[in-house]
Amino acid sequence: MLRDNAPTAPVVFETPNGFIRTGGQGPEGTRLRFPQVTASLSVRWCSASLKIDVADRALRGQDRFLNRRTLVVTGERAEESPARARYAAFEPHRTDTRSGSRRRRHVDHF
């Protein structure tokens, strides 16, 4: 989030068999703007990098989620903004591949 001439840090998540580390091999860069004050996840980074991407990598990086049903439960506060108030209460998660022909993963988001 706050880096000076360094690559973006890797993501580390815990599994039943220990910790997995992924990413962090990107080009060096400088980002001296933390926290970023904006509603856009494309430039704010904190929610995207520290929450959303970690969950996505954990779901995609473990075979235990293949050929099973998984429910991801998050707590968006709809009262905070009109955009959040329009979020669907229940939908397929962004890592869902239930309709795919390879590596099928049924993931719903509540």
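Restricting the search to segment 100-110, which residues are among the basic types (K, R) and open to solvent by 40 Å² or more (accessible area, probe 1.4 Å)?
Initially, segment 100-110 is screened for residues among the basic types (K, R), giving 102-105.
Answer for segment 100-110, where residues must be among the basic types (K, R) and open to solvent by 40 Å² or more (accessible area, probe 1.4 Å): R102, R103, R104.
For L50, indicate whether it is modelled with pLDDT under 75, of a type in the set (A, V, I, L, M, F, W, C) and under 25 Å from R105 (Cα atoms).
On the way: modelled with pLDDT under 75: yes; of a type in the set (A, V, I, L, M, F, W, C): yes; under 25 Å from R105 (Cα atoms): yes.
Taking the combined requirement at face value, the residue satisfies it.
Looking across segment 27-47, the residues that are over 18 Å from E80 (Cβ atoms), open to solvent by 50 Å² or more (accessible area, probe 1.4 Å) and either touching a helix residue (DSSP H, G or I) at 6+ places or on another chain (Cβ under 6 Å) or at pLDDT 70 or above (or both) come down to P27, E28, T30, L32. Figure legend. Inter-residue proximity from segment 90-110: first residues within 17 Å of K51 (Cβ to Cβ), second residues surrounded by 13 or more Cβ atoms within 10 Å (Cβ to Cβ) and among the charged types (D, E, K, R), beta-carbon distance below 7 Å, spacing 6+ or different chains. Indicated pairs: H93/D108; R94/D56; T95/D56; T95/R60; T95/R105; V107/D96.
Looking across segment 49-99, the residues that are of a type in the set (V, I, T) and either open to solvent by less than 80 Å² (accessible area, probe 1.4 Å) or in contact with a Ser or Thr (Cβ under 9 Å, 6 or more places away or on another chain) (or both) come down to I52, V54, T70, V72, T74, T95, T97.
The values are calculated or read from the model by the stated rules, or taken from the named source; none is laboratory data. This one's a predicted model, so the numbers in the text were calculated from it and none came from an experiment. Every residue, glycine as well, gets a Cβ built from its backbone with ideal geometry; the counts of neighbours run over all protein chains shown. Surface areas here come from the heavy atoms of the whole protein model, side chains and all, with no ligands, DNA or RNA. Shrake-Rupley method; radii C 1.70, N 1.55, O 1.52, S 1.80 Å.
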